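Working notes for the structure below.
Each reported figure results from applying straightforward, stated rules to the coordinates on display, with no laboratory input. These figures come from a predicted structure and were not determined experimentally. So basically every Cβ, Gly included, is an ideal-geometry build from the backbone, and we count neighbours across all protein chains shown.
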């Protein structure tokens, strides 16, 4: 999808901003860093097509990056695809991802470098505050509690579970996970054919990757009615 900064009709009132940086980038050479950044940029373009809204991938400070999702509910799926794509490509660099959910004021001009709004603020602030061992977290969302549980509490629980699963992916599992997250309406036979493996092998990879455990959380996030009210 081509970028059109003047067409904002595809963005909801509440968006998800993903802000990330490469882990221990100073220990890797320029070629490795560029390859990892290229992979994230390519994934961002894929996500644009999936949600029919430009993600406006923006790189900053050499090893940092940011995208915006016009559909906040896609944040968990998108974060997992980014992590799985890096592992599937055998990149030796990991990325941390801070997801900020909230309203936006503007989405910048040429890119997100001059974008603003609550979603951008909480995403960037949380990344700065994330412990070095953390790879995935979400901030923002409503504080309103239903039966004692606030929106941000169950959302954080989903992301904690996703982080635990993503940290343990092998390269073959990540490859299968990335494909299934993109095309989860396809059968395992169809996915296996694309990878040139048997259905049993595909099933084993997805089971080992914890894909089935994540499906309900991913769909719940996408079906949730995101409200800009606090």
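Hey, fewest Cβ within 10 Å first, where do 219, 28, 133, 91 land in order? It would help to have the intermediate numbers written out before the result.
Details: 219 14, 28 18, 133 8, 91 21.
The order, fewest Cβ neighbours first, is 133, 219, 28, 91.
I'd like the Kirkwood hydrodynamic radius of the stretch 14-223, using the inverse of the mean 1/r over distinct C-alpha pairs, in Å.
On the way: mean 1/r = 0.0575 Å⁻¹.
Taking every pair of different Cα atoms in the stretch 14-223, averaging 1/r and inverting gives 17.4 Å.
Can you give the helix-only mean residue ellipticity at 222 nm for the chain, where every DSSP H stretch with n ≥ 4 adds -39500 (n - 2.57) and the sum goes over all residues, rounded to the nearest 500 deg cm²/dmol?
For the chain, the value works out to -15000 deg cm²/dmol.
Can you work out the FRET efficiency for the pair residue 195 and residue 61, with r the C-beta to C-beta distance and R0 = 35 Å, to the nearest 0.05? Working shown, then result.
Working: r = 36 Å, r/R0 = 1.02.
FRET efficiency, residue 195 to residue 61: 0.45.
Once you put a point 7 Å from the Cα of residue 153 and another 7 Å from the Cα of residue 167, both along the Cβ direction, what distance in nm separates them?
Result: 2.3 nm between the two label points.
Stretch residue 29-residue 213 to full length: gain in nm at 0.36 nm per residue minus the Cα-Cα span?
62.6 nm
At 7 Å along the Cα-to-beta-carbon direction for both residue 225 and residue 132, put a label point, then send me their distance in nm to one decimal.
4.5
Mean-square fluctuation check for the chain, GNM, Cα pairs under 10 Å: which of 161, 214, 202 is largest?
Between 161, 214, 202, it is 161 that shows the largest mean-square fluctuation.
At q = 0.09, 0.18 Å⁻¹, what base-10 log of I(q)/I(0) does the Debye formula yield for the stretch 49-162 when every alpha carbon is treated as an equal point scatterer in vacuo?
Log10 I(q)/I(0), no solvent term: -0.25, -1.01.
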